[in-house]
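Have a look at the structure below, then the notes.
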Amino acid sequence: MHNDSAPVPTPVSAGLRSIPRDQHSISRRQISQNALRVLYRLHEAGHEAYLVGGAVRDVLVGLTPKDFDVATDATPEQVKALFRNCRLIGRRFRLAHVVFGREIIEVATFRANVDDGSGDREVHDGGRLLRDNVYGTIEDDAVRRDFTANALYYAIADFSVRDYVGGFEDVQNRVMRLIGDPDTRYREDPVRMLRAVRLAAKLDFAIEPGTAEPIPRLAHLLSEAAPARLFEECLKLFLSGHAVASFEGLERHGLLSALFPESAAALASNRSGALRAMVVAGLASTDARVAAGEPVSPAFLFATLLWPAFCRVWMKLQAEGVQPVEAQRRAADRVTLHQVTTVALPRRFSLPMQEIWLLQARFPLRQRKRVTRTLSHPRFRAAFDFLVLRQNASNAHAADVAFWEEAQRDPDNAIALYPGEHEDGDDERAPRRRRRRRRTQSSAG
Ligand code: ATP
Ligand code: MG
């Protein structure tokens, strides 16, 4: 039984609606062969077996699911006994993973809502951890999920869709609606606010007014979420092909400042809108790459998202009299340091992100030796793409873009074609400093 003091979602008792095969659009052809194998095997062994969650939702709206999750009344041990290629994972809540080469079908036993599903919040009750293997009925399992659209069950027994929360209608109407009381559900797990925006962006759904209303009010709760989980959520928000829609959704619902406080502040104070244009251009090109099946990198993404913060700190430090090169390096460090307390950007991404920023200052330097050095930098290509973005957004870097475009083909020709900007500029190498200062006394900044 649940303990009264545990934050249990408001029960929803819409009751079962079963949508028969001829009244929905899910066909077995849209389900992975491996997921079907798992479903059939469970069914043949006398268990209930359903496809559940994002896969059902995605197929209903005509998208191809990334992964297929199965829900069953069989215990993890019973599942394991049925599949040779099965391993049990999770300590407090055990899940079965049935492994087929690179595809993993996750099989979860119906559970009750003691677990908030968040993976990083623990509900304490007088010191006792209320997060055990509390199995439940399929209806318990449905109401503990976040959105109605995510709580549909496709039954392998009769190919019907089972709906306990009104999700089928919401999917038809393209609406994201939290199950239960929105305030309570966001407090249980603030990441649900991001999921609302992300899934609305991905599916092109509206967020139902009652589900949207608490978000700006409760956005600050995201500071309680684990930074590592927020990083994962950011990758899904921005590297899944709907980055622009995600960004606009975060802005609209007051979540941008909860995820990227310094960038949001910089955007708010940038009256020309050039910084926002640059970010949106970057996200649009990310979306185009995803659509074209090209690789996208978290380093470039975060270089884009945090560029407003970086520019702001960089300018502030220079206004305080810090030399440009030093100001740049300090700005990069400071922005990174502050950001990781909210969204834990791993170093393998933050280092190349900083390199992309710091290379921007090398682009105006066109001496032969510098050109060679810049071209051979491992982050040159990403930094150049970043320069193109800046150019698209503000049109202030046309000469640099033209020069480096040519320099990649023929550096000498580039230098010959675009003369006039050969004066030495900032350089981080100490031995050169004195010479530089003497020659460009008044041109710092
Ligand atoms: P996508 O795979 O497109 O990111 P999804 O809905 O499949 O979307 P997952 O994170 O894979 O998202 O979660 C699978 C299912 O688990 C969801 O459909 C939902 O039913 C449930 N779920 C996930 N996160 C939560 C949460 N924070 N609170 C309650 N239920 C959740
Ligand atoms: Mg999923």
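When Rg and the Kirkwood radius Rh are both evaluated on Cα atoms of the chain, their ratio Rg/Rh stands at 1.07. The string of couplings for the stretch 359-366 from the Karplus curve (6.51, -1.76, 1.60, θ = phi - 60°) is 5, 4, 6, 8, 5, x, 8, 10 Hz, one whole number per residue in order, with x for Gly and Pro. Note on the chain: lysine pairs with Cα distance below 26 Å, sequence gap of 8 or more or different chains, count 4. The amide H of Ile207, built 1.01 Å from its N in the peptide plane, has Met176 as neighbours under 5 Å, considering only residues 5 or more places off or on other chains.
Here the Karplus relation 6.51 cos²θ - 1.76 cosθ + 1.60, evaluated at θ = phi - 60°, turns the backbone of the stretch 385-396 into coupling constants of 4, 5, 4, 4, 4, 4, 5, 4, 7, 10, 6, 9 Hz, with x for every Gly and Pro. Surface composition of the chain: carbon and sulfur make up 50 percent of the accessible area, probe 1.4 Å. Orientation-averaged projection of the stretch 257-417 equals 10.0 nm² [convex hull of Cα atoms, one quarter of hull surface area]. Rounded to the nearest 500, what is the 222 nm mean residue ellipticity of the chain from helices alone, with -39500 (n - 2.57) per DSSP H run of 4+ residues and division by all residues? Result for the chain, helices only: -15000 deg cm²/dmol. Computed over protein heavy atoms with a 1.4 Å probe, the accessible surface of the chain works out to 47 Å² per residue. Around the amide H of Asp181, modelled in the peptide plane, lie the amide H atoms of Thr10, all under 5 Å away and 5 or more residues distant in sequence or on another chain.
Amide H contacts of Thr75: none lie under 5 Å away among residues 5 or more positions distant or on a separate chain (H built 1.01 Å from N in the peptide plane; Pro and chain starts excluded).
Any idea how far the Cα center of the stretch 134-207 sits from the one of the stretch 296-312, in Å? Distance between centres, Cα-based: 32 Å. Sorted largest first, the spans of the alpha carbon positions of the stretch 17-221 along the three principal axes are 48, 46, 31 Å.
The values are calculated or read from the model by the stated rules, or taken from the named source; none is laboratory data. These numbers come from a predicted model, not from an experiment. Note: areas computed on protein heavy atoms with side chains; ligands, DNA, RNA excluded. Shrake-Rupley method; radii C 1.70, N 1.55, O 1.52, S 1.80 Å.
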